[in-house]
Each structure stands twice: as structure tokens, then as C-alpha cells.
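A.B. asks: Can you keep this structure in mind? I'll have questions shortly.
The values are calculated or read from the model by the stated rules, or taken from the named source; none is laboratory data. As the structure is a computational prediction, the values presented were derived from the model and not from experiment. Cβ: placed from backbone, ideal geometry, glycine included. Neighbour counts: every protein chain shown. Accessible surface is based on the protein model in full, side chains and every heavy atom, while ligands, DNA and RNA are left aside. Shrake-Rupley method; radii C 1.70, N 1.55, O 1.52, S 1.80 Å.
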Amino acid sequence: MGLPSLTLGGLVELNASNLPPSQLFEVLSKYEAEAVLLAAGSGSPEPSGTHSELLSLFYSSFFFSHLLTQQKSSRSEARALTHRLPQILQQQDPSIKSCIALLRALWQTDHVQVFQLLRTASWPEGLHPLVQRYERKISLQSLRHHTSVTELTRWIGFFQDQSLIAVSRSYEAIRPEVAASYLGLDQAAAAQNDPSIIQKFTECGWRWDLESRLLHPAPINVPSSADKGSTNVFRDTMAMLGNQGH
Amino acid sequence: MASLNEIVVASTEFGNVVHPSAEAYDRQIRQHLSFLRRALSNQDLNSVLNDESVFDKLDPSKDSITYLLILRHQIKAAQEKAGKSTPAKLLPIGGLWRRMAYYLENFEPVQTRYVGQEWRQVVEVFAQTAEEFSQPILATQVIRDAILRLDPSSAVFTSTHLLFARLCLRAKTYSCALPVLKRPICHIPAALNGSNLRSAPLLCDDHQSSLAFLGEKSGFSSKLSHKEFLEYFLYGGMIFMAVKDWRNASHFLATVVSMPSVGVISKIMLEAYKKWILVGLLETGKLNTLPSITPSHASKTYHTLAKQYVQLAEAYERGDSRKFQERFDSGEERWKQDNNTGLVLQVSESLTAHFLKRIKKTFASLTISQLLEQDTPLPKDPAAAESIIASLITAGDLKATLVHSSNHSGDTMLRFSAGSNSSRLSHELDVQAQLKKEKLMLEVLMNRIDESKHNLALSDELVDHLRKGQSWTGAGENGADKDDGADIEEDIMVDFA
């Protein structure tokens, strides 16, 4: 009522629509009840054959929408979602199994495994836009060039971007192959100081020390979207508390 | 005797009427309600009223009252006919289920203030049906939106809050619960009675506080005791735990733990205390001190009854990983019995970050090999240890940086620092954003405090009532075992580690 029925075509269209992650999550979460009812189908707790493809795509899309929202709790929520899935999907559906493996790799901060799953797992066709969106094969340079608050926050939030930010905060000096492992780049080539790999980092403002053969990351700060106009928050809060006492 | 057609016509008229004033609107609603109650008691109309197609002629967003009363009438009739509380007609996919969902998604909140009891009954049936269908998730989002539609502030605690929190836990839809849980509860319906109701403005008027229309007699809540209140905060704490929001989890659990009581503490309180200790370790790395309002006898009882938890926390706090492991192993059965294994495992995992924070107090920097020479919970493989440290830094749990050696086979240096200028700026921006959030929360709370002060100043009866309310804590007096605690018997954190 109010929301069109959950269909394969509609879902494919939704995934390709490039909706902001929060909206995508909101829309998909409204479909979860319908998916549960479809899965229950004829009264059986498992999905009937006709719906299994739709349900696989729905739950996989919903899973990725959790990751894309980048809320603090998104991974915990994605984990909770994997617990709510119809059991047969958890056990037999390749896409759902890959989602669960991906979640485990994320939980264990196993970057190599994360990139491998994103790139090689058998994701259904209709899910590709979300998988690619999450992996985000962007030129690392783009981060460097989007310096305003709104532009930068628009760019941040995908796995490769996040990894770049994480490494830039964690390391003062890093071997190229280790940096490459965080970003899903060719580690063997990086270990040989392949100029094309090194260039990807220097384009982000990192410094390449030829003598020590180490990269020196330039920290990237992600300003909070709530920071504008909040310079007086502390003063205002204290004033408010002060007034309350009188 | 009104016919079905007359009811539909009256509903359409009522839905289209323009209300010149709150008084006139109040009068119209009451007249309409009275007309409907009379009409629905007409036995001759039973057959037509029990025909689901009647809902196609009604619009709950314009006239919520008619839709709700007929819905309630049909639910009751279906239950009586089938001789059980959830007949097939009510089950999901069934007609009445869809009507209930449609009503709860579209009701008009001001009119609904006049039919609180019926609204609550429909919510309860909706939740119960979803649970009986083994799919509580079908009801969580609808009920959450209904709670917030009725009272966007969600400041008055009702039995629906508890039902909703329990449902979210069972359905494992934690984020769904957050919009309600994050709104501070400022009142319980019992706080408004007697003279306040008489002097209260009209239900349909604009009110600063939702307590004006969610009072005890509104019917929006079933009778509440301290147990429901404690359960809500325990469930809320568990939901925050599931999304790893340790701060809010700690706050919710502390509310349970510090509940005034005379004599023996309840099982719910003890359960909350055990979780509160573990959550405190995850939040601050310390065995937190109990809130100052906790009764002293309760503090002693907690300490005695949860000794294993206290000892585990003490070992953690000292950073004594061997002792911690010993106590972790010896308490294994206890954690399992209490459904706290997952949480204890998380505490165990956080020991590394805690250890590094302690090391930071002594060393400005040291190599990974030097670090591994210490009594550390880190793995002995330097590469694995580095990876764990890097992920702690990334997650913001440790303020440090790693420096690879120019000699590529050399050791990685861990440098503790206050961070670079840019990372400090980032931290300050985070603090600033947090302050802004807190300010908004404080504004809401200040308004509530002002209201409470106003109520207290105006009503002697309220003061008397609150005084009597001291005995509200009584159920815990009879012994810890009386309150069997929350009925969510599951270790929700069990596979986190």
C-alpha cells in the first residue's frame, strides 16, 4: 500500500538508480516485510522456487545498502540482517554466502579478502551497481581534489576510499606492498616499486622516498557534515546550562 | 438505529469538517465517538460490520475513529468466532492483518487521542500475530512509526514502548528500535491523574507535552509497574549493545541498576548489573562506579552476586592479561548461563586496545618486537600484531601511528602521539559535532524539566501521588527471584567475536 510491489525488475532498477545510500536503505527496509511474506509464501518458512531469485537479490541489495550507509552501526546491522535471512538462502544461495563471507572479512579487517570477494564472487547481475559502488574504483586522485566539506563527504564512504583514509591516518611511513594490500592494488607490482602503483599514491599527496623506498602518507581529514556553524556549540551549551540554574 | 450507510456518511462528513477551534473539534469528536459506539452496539449491524469491504469506504487518515472502532469490532468478532486470539483472518496475508497495517500506517494522531484503548489493543494484536507467525519483523517498523506518529517526542513511557523493544530484540531489527530508544523518556502515565486531568486542556489541542493526552486514563498504556520500566531499559540496553553503542547501552543499564529499591534487588537488576560491568569495560576500559543514586544495600548485593564479573573487570582494569584469561576461563559456565558469553568475548578482544593504552602511559614509541616482549594479548607474529594495531588505530581506538623501517626486513615502530595537527583537527571536529548533538538533547531535556517543575508546582495531588509512588518499588522487596527478569533468553552478542 503506497509502495509498488517487490519485483525483480523494480529491484534491478532501484540498484542502478544511484540513490543516496540512506534513501536506498530506507526504501529497501520498507520492502523487508514483503520479502518475509514472500519467503513464508505458502506457509513454509523457506522461500518457494519462484521467489528465490528475487529474494536473493533483495537480501543481497539490502546487505550492501547497510554497508553503503556508513553509519557507525552499519556492520552490526548487516550482521543482524544475515541472522534474519531465510535459512535456505544462507545455506544455498551463492550471493548471500558471498555477502556473509564479505561481512566476515570486513569484521576481521582482512582487506585482501574484501577486495577479492568484491571482485571475484559471483554476484547477480542486478547487484553489480551496488558492488561496484561499494568497491568504488575511483582514481585515488579524486579524493585529493574534492576538498570542500560537501564534496569530500560525498566522495567518502566506500571501501577503497575508506581504506585510503585509514592508511593515511595509521601510518607515517609504509612499504608500497602493504599500502597496496589495503587498497586492493597489485601487491607484487608494488613490492617491485612499480611506478604506476607509486604514482597512484603520489597523486593523493603521499610522498615517495626513493632512498628508503617508503611511502609517506598525507593524512586526509573527513570533516563532519555537522561542523558548519557549530563553532559556538560549547559556549551555547554552557550558557543554556547556566541559565537553567537561575 | 444507524445503518452502515449512515455510519459511512457520518464518517465522510466528519473527515471533511473544518474545525474552527479546539473546543468545537473536541465537541465534534466526542459526538462522533458517542454516535459510533451506539451504532456498533447494534446487533442487527453485526453481519455488515464484519464484512471487510466496509474498510474500502473509510479513510483512516481523515476519520481514524470509525476505521479503528470497526477494525477492533471485527478483530474481536474473529477472535470470538475462532475461539483463539489469533485466528487465520488475523494472520499475515489475511485480510484483517492488512487492514491493521494500513490503519497503523495512516491513522490521524489527534483524533486517535480519544480512542487510546482501542489503538493499544490493535497494536497489541498486531504484534502478537506477527510473533505467532514467527516473524516479529513484520510488525516492528509499523509499530515504531505508529508510536512516533502518535507522539513524535515519545517522551511518555507506555506499555507499547516495552512491547516494541521486546519485538525488535526478537526480530533482531536493532536499528529499527533506535529512533524510539534515543528519545528520552521523561514521564510515566501514572504521573498524571486526579486534578491534573480535570485541569488539562482539550485532548485535541496543541500540547507542549504529550503527557497531556497520554495520561494513565488515556488507555494508551496498560497498567505499568516498576518491572515493565526495568524491562524496557534492559531491552534498550541490549539493543544498544547489539549495535555496539556502548555509551547508550551503559546509560540504559545504569537506569535499571540504580532503580530505587528496598530490600532485595530483582533479577532484572542483577542481570542488568552484570551486563553493565562488561559494557563499562568496553566503553571506558574501567570498572565503572555505580550511579550515586544506587541504594547502598543494592551495591553490596550486586558486588556479592556478581563477584565473577567484578573480578574479571578488576583484572581487565589492571591490564593483567594472564589473570584476565584465568578468570575468563573459570567463569565460562557463568557467562554461558547468563547469556553473556558473546559480551565477555568482546571484552576479551578489547583487551589489546586497553593494553596499548596502558603502554602508552610509559612509552612514547617502541618497536613491535619490543612490544611483544611485554606481557601482551597480541599475537606473537609481528605482522599479525601490526595488522591488529593498524585496525585499532583505524577504528579510532588507539591514538598512534605506525612507521615502517627503511630497512625492509626491519621492525615496525609504533609511535604514540597526540596525533598530527590534521588528526587533532579531525578529532576536534568530531567533538564539536558531538557537542552539537548533546546540545539538542539537553534542550529537549531542559524543556521536560521545566514541565515537570511546572506540574509539581501546580499539583499537590501529584506530589502526594509521587510520594505514594515510593512504594512502587515494592515488588523487588519480596526477593530477587520474584521478577524472573526479561524473557529474552538469548546471548545476542554471541557470534560477534
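A.B. asks: Would you pull out the residues with amide H under 5 Å of A:Tyr171's amide H, same chain only if 5 or more places away, H placed 1.01 Å from N?
C.D. replies: Sorted by chain and number, the residues that satisfy this are B:Leu402.
A.B. asks: Work out the FRET efficiency for A:Arg119 and A:Ser212 from their Cβ-Cβ distance, taking R0 = 35 Å, and round it to the nearest 0.05.
C.D. replies: Given R0 = 35 Å and the Cβ-Cβ separation, E is 0.65.
A.B. asks: Also: What translational diffusion coefficient, to the nearest whole µm²/s, does region A:8-135 have by Stokes-Einstein, given a Kirkwood radius computed over alpha-carbon pairs, a temperature of 37 °C and 0.692 mPa s viscosity?
C.D. replies: In µm²/s, the coefficient is 225.
A.B. asks: For region B:142-263, what is the Kirkwood estimate of the hydrodynamic radius, computed as the reciprocal of the mean inverse distance between distinct Cα atoms, to one decimal in Å?
C.D. replies: Details: mean 1/r = 0.0663 Å⁻¹.
Result for region B:142-263 stands at 15.1 Å.
A.B. asks: Which residues make up the longest stretch of chain B clear of GluC sites (Glu not before Pro) that lie in a DSSP loop with no more than 16 other Cβ atoms within 10 Å, not counting the sites?
C.D. replies: So the longest stretch without any such site is B:1-488.
A.B. asks: Enumerate the whole-percent occupancy of each 5 Å bin, from 0 to the last occupied one, for all C-alpha pair distances of region B:363-418.
C.D. replies: Taking all Cα pairs of region B:363-418, the binned fractions are 4, 20, 30, 31, 13, 2 percent.
A.B. asks: Just to be sure I understand the model, the point goes 7 Å from the Cα along the line to the Cβ. What's the resulting A:Ala101 to A:Ser5 distance in nm?
C.D. replies: 3.4
A.B. asks: Multiply the residue gap between B:Glu349 and B:Val262 by 0.36 nm, knock off their C-alpha separation, and tell me the result in nm, one decimal place.
C.D. replies: Gain on extension, B:Glu349 to B:Val262, equals 27.6 nm.
A.B. asks: May I pose another question? Provide the FRET efficiency to the nearest 0.05 for the B:Lys361-B:Ser405 pair, computing r from the beta carbons and using R0 = 25 Å. Walk me through the numbers before you get to the answer.
C.D. replies: Values: r = 25 Å, r/R0 = 1.00.
Step by step, r from the Cβ atoms, then E = 0.50.
A.B. asks: Let me know the Kirkwood hydrodynamic radius for chain B, please, with Cα pairs as the basis and the value in Å to one decimal. Each step should come with its number before you reach the end.
C.D. replies: Values: mean 1/r = 0.0383 Å⁻¹.
Kirkwood hydrodynamic radius for chain B: 26.1 Å.
A.B. asks: Residue by residue, what Karplus-based ³J(HN,Hα) values in Hz, rounded to whole numbers, does region B:385-393 have, using 6.51, -1.76 and 1.60 with θ = phi - 60° and x for Gly and Pro?
C.D. replies: With the stated coefficients, region B:385-393 comes to 5, 4, 4, 5, 4, 4, 6, 5, 5 Hz.
A.B. asks: Sticking with this one: How tilted is helix B:159-171 with respect to the longest principal axis of chain B? Cα atoms for both, answer in degrees (0 to 90, nearest 10).
C.D. replies: 50
A.B. asks: Here is a follow-up. For a 29 Å ceiling on Cα separation, which of these pairs sit above it: B:Lys81/B:Lys172; B:Lys62/B:Lys217; B:Lys274/B:Lys357?
C.D. replies: Numbers: B:Lys81/B:Lys172 34 Å; B:Lys62/B:Lys217 25 Å; B:Lys274/B:Lys357 24 Å.
Correct reply: B:Lys81/B:Lys172.
A.B. asks: Quick one: go through region A:107-134 and flag any residue whose amide nitrogen is under 14 Å from the point 7 Å out along the Cα-to-Cβ line of A:Ile88.
C.D. replies: Under 14 Å, as judged by backbone N against the label point of A:Ile88, lies no residue of region A:107-134.
A.B. asks: Another question, if that's okay. If N is the number of residues in region B:250-402, what value comes out of its Cα radius of gyration divided by 2.2 N^0.38 Å?
C.D. replies: 1.16
A.B. asks: To the nearest 20 Debye, how big is the dipole of region A:8-135 about its Cα centre, given +1 on the beta carbon of each Lys and Arg and -1 on that of each Asp and Glu? Don't skip to the end; give the middle numbers.
C.D. replies: Details: 9 positive and 11 negative charges, 85 e Å.
Result for region A:8-135 is approximately 400 debye, rounded to the nearest 20.
A.B. asks: From the helices alone, meaning DSSP H stretches of at least four residues, give me the mean residue ellipticity at 222 nm for chain B, per-run term -39500 (n - 2.57), in deg cm²/dmol to the nearest 500. Show your work: numbers first, answer last.
C.D. replies: Details: 23 runs with 299 residues, N = 497.
Result for chain B, helices only: -19000 deg cm²/dmol.
A.B. asks: Taking chain B as the reference, fit the longest principal axis to its C-alpha atoms, fit the long axis of helix B:421-458 to the helix C-alpha atoms, and give the angle between the two in degrees, 0 to 90, nearest 10.
C.D. replies: With both axes taken from Cα atoms, the answer is about 40 degrees.
A.B. asks: Let me ask something else about it. So if we plug the beta-carbon distance of B:Asp206 and B:Ser34 into 1/(1 + (r/R0)^6) with R0 = 30 Å, what FRET efficiency do we get, rounded to 0.05?
C.D. replies: Efficiency for this residue pair is about 0.80.
A.B. asks: Find me the longest stretch of chain B that has none of the exposed trypsin sites (Lys or Arg not before Pro), where exposed means in a DSSP loop (not H, G, I, E or B) with at most 12 other Cβ atoms within 10 Å.
C.D. replies: Free of exposed loop sites, the longest segment is B:85-222.
A.B. asks: In nm, to one decimal, how far is the modelled label at B:Leu440 from the one at B:Ser61, with both set 7 Å along Cα→Cβ?
C.D. replies: In this crude spin-label approximation the distance works out to 2.6 nm.
A.B. asks: On to the next question. Using only the heavy atoms of the protein chains and a 1.4 Å probe, how would B:Leu402, B:Leu282 rank by accessible area, largest first?
C.D. replies: Sorted by accessible area, descending: B:Leu282, B:Leu402.
A.B. asks: How far is helix B:307-318 tilted off the main Cα axis of chain B, in degrees rounded to 10, range 0 to 90?
C.D. replies: 50
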